[in-house]
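Please read the structure below before turning to the comments.
The values are calculated or read from the model by the stated rules, or taken from the named source; none is laboratory data. Computed from a prediction, not measured in an experiment: that's the story for all the values here. We place every Cβ from the backbone using ideal geometry, glycine too, and count neighbours over all the protein chains shown. Areas reflect the complete protein model, heavy atoms only, side chains present, ligands, DNA and RNA absent. Shrake-Rupley method; radii C 1.70, N 1.55, O 1.52, S 1.80 Å.
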Amino acid sequence: MPEGEQADTEADPIRFELSDRQRIAWLRLWRTDNVGPATFRDLINHCGSAENALSMLPTLATRGGRQRHPHIPSEDEAEAELAAIARHGARLIGIGEPDYPPLLRLSDQAPPLVTVKGDAAVLGQPCVAIVGSRNASMAGLTMARRLAAGLGEAGYAVASGLARGIDAAAHEAALETGTIAVLAGGPDRPYPPENVPLLERIETGGPSCSITEKPFGWQPRSKDFPRRNRIIAGLSIALVVVEAAARSGSLTSARLAGELGRLVLAVPGSPLDPRAHGTNTLIRDGATLVRSVDDIVEAIAPLDPEAGLYQPPPPPIDMPSPGEPPPGDDARERVIALLGPAPVPVDDLIAEAGVGPAQMALIIIELDLAGRIERHSGNRVSLLLGDP
């Protein structure tokens with residue numbers, strides 16, 4: 001390791017500051033093809049640093065079956081993004097650094113780098129997410145505003161996704177006490193455009209901020225919104241759904257919150273209103289019913305992170321050192337043969353394929369870099385069909 005350079009320790013519970021050199025290497029690795037949060041973490045655990053991972057990545061992807069080397073951004077490209085972030089008045093924060101959201105950091109799919117604009121101190125507050133229908137009723141908008149304002153008075157920040165309807169109402173009501181807008185696109189590509197004035201107030205007008213994992217110029221696509229929703233859930237102690245139709249994206253947020261072990265709450269509505277179908281179903285299936293902000297505060301009081309109920313993630317699995325022989329083709333093919341489109345736990349693959357945990361971890365990295373698998377929460381993977 002070069003003199004004066006600290007180790008990459010994003011999986012270490014001790015807080016640290018990235019050096020300039022590390023920040024560039026992290027950013028290059030994070031923006032590389034097929035490098036998601038879990039693979040980023042595993043690459044550094046295996047290679048020792050982001051710089052080492054960048055040099056080894058093409059070989060790992062080739063072993064996984066990728067025909068062409070993945071695109072790795074150059075140092076100039078990374079420096080240009082950092083300069084754009086600074087011009088925008090934002091900051092790039094790494095997982096493990098002091099201002100990184102503490103609950104998000106405990107999520108198994110936490111992005112290693114996020115861009116934040118505004119008052120980052122709000123990210124350290126206990127946070128509750130409020131989400132719901134874009135085509136909200138007047139009653140739904142009123143309820144969202146009351147809940148957000150009440151949570152702010154009780155000392156909680158309010159997170160949401162800047163969408164029209166319930167999201168926007170919750171942000172507006174929590175502006176003076178603290179709100180977090182999670183963006184699906186880059187810092188300069190907020191969606192929808194009609195909420196740009198609201199975003200400007202969030203980023204400049206008080207104890208609030210925006211946050212995104214996407215680079216500058218990234219126009220949000222449909223598949224980016226579930227990632228945004230996972231961040232909303234990961235930031236929060238609990239997630240409240242105010243209105244949601246039967247196939248609402250808010251139900252995806254509720255499912256993701258449940259997978260992360262967060263409390264899910266819902267506001268009931270008339271069975272005759274399609275916008276209440278999703279919330280009523282959540283309550284039927286076990287979500288906590290919300291009549292007022294008091295119901296939320298009472299439900300989450302014992303879940304406060306300061307009470308120590310949120311435990312750090314387990315330590316990373318031991319992996320083969322870079323100098324050890326890689327897994328053989330036969331082991332890799334046994335794993336591929338066991339995979340399908342349905343997610344399966346990696347522990348089950350280990351038992352069935354007869355591959356040790358360390359070797360399995362490296363096979364998962366190789367297949368992910370080759371674009372052959374998808375990683376899911378709970379250490380599960382599924383096979384992606386098509387050529388890598």
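Only a single item in (1) at pLDDT 95 or above; (2) open to solvent by 10 Å² or more (accessible area, probe 1.4 Å); (3) farther than 18 Å from R164 by Cα is not met by R201, and it is number (3).
Taking the criterion of being part of a loop (DSSP other than H, G, I, E, B), open to solvent by 10 Å² or more (accessible area, probe 1.4 Å), closer than 19 Å to D330 by Cβ and touching a Gly at 6+ places or on another chain (Cβ under 9 Å), the only residue of segment 340-386 that qualifies is R372. How many residues are in contact with a strand residue (DSSP E or B) (Cβ under 7 Å, 6 or more places away or on another chain) and under 30 Å from I364 (Cα atoms) when one looks only at segment 59-101? Residues flagged as in contact with a strand residue (DSSP E or B) (Cβ under 7 Å, 6 or more places away or on another chain) and under 30 Å from I364 (Cα atoms) within segment 59-101 amount to 4. Being outside any loop (DSSP other than H, G, I, E, B), within 21 Å of the chain's Cα centre (by Cα) and crowded, with 24+ Cβ neighbours inside 10 Å holds for only one residue in A181, A148, A169, A144, and it is A181.
Applying the criterion of being in a loop (DSSP other than H, G, I, E, B) and at pLDDT 90 or above to the residues of segment 66-84, the residue that is least open to solvent (accessible area, probe 1.4 Å) is P73. Please tell me if P220 is closer than 25 Å to R275 by Cβ and in a loop (DSSP other than H, G, I, E, B). In short, yes. Note on segment 88-112: residues that are under 11 Å from P37 (Cβ atoms) and over 12 Å from the mean Cα position of the chain (by Cα) total 0. Restricting attention to segment 224-248, which residues are assigned to a helix (DSSP H, G or I), touching a helix residue (DSSP H, G or I) at 6+ places or on another chain (Cβ under 8 Å) and touching a residue at least 40 places away in the same chain (Cβ under 8 Å)? Answer for segment 224-248, where residues must be assigned to a helix (DSSP H, G or I), touching a helix residue (DSSP H, G or I) at 6+ places or on another chain (Cβ under 8 Å) and touching a residue at least 40 places away in the same chain (Cβ under 8 Å): F225, N229, R230, I231, I232, A233, G234, L235. Screening R275, R291, R334 for residues that are farther than 23 Å from I231 by Cα, open to solvent by 30 Å² or more (accessible area, probe 1.4 Å) and modelled with pLDDT of 95 or more leaves exactly one candidate, R291.
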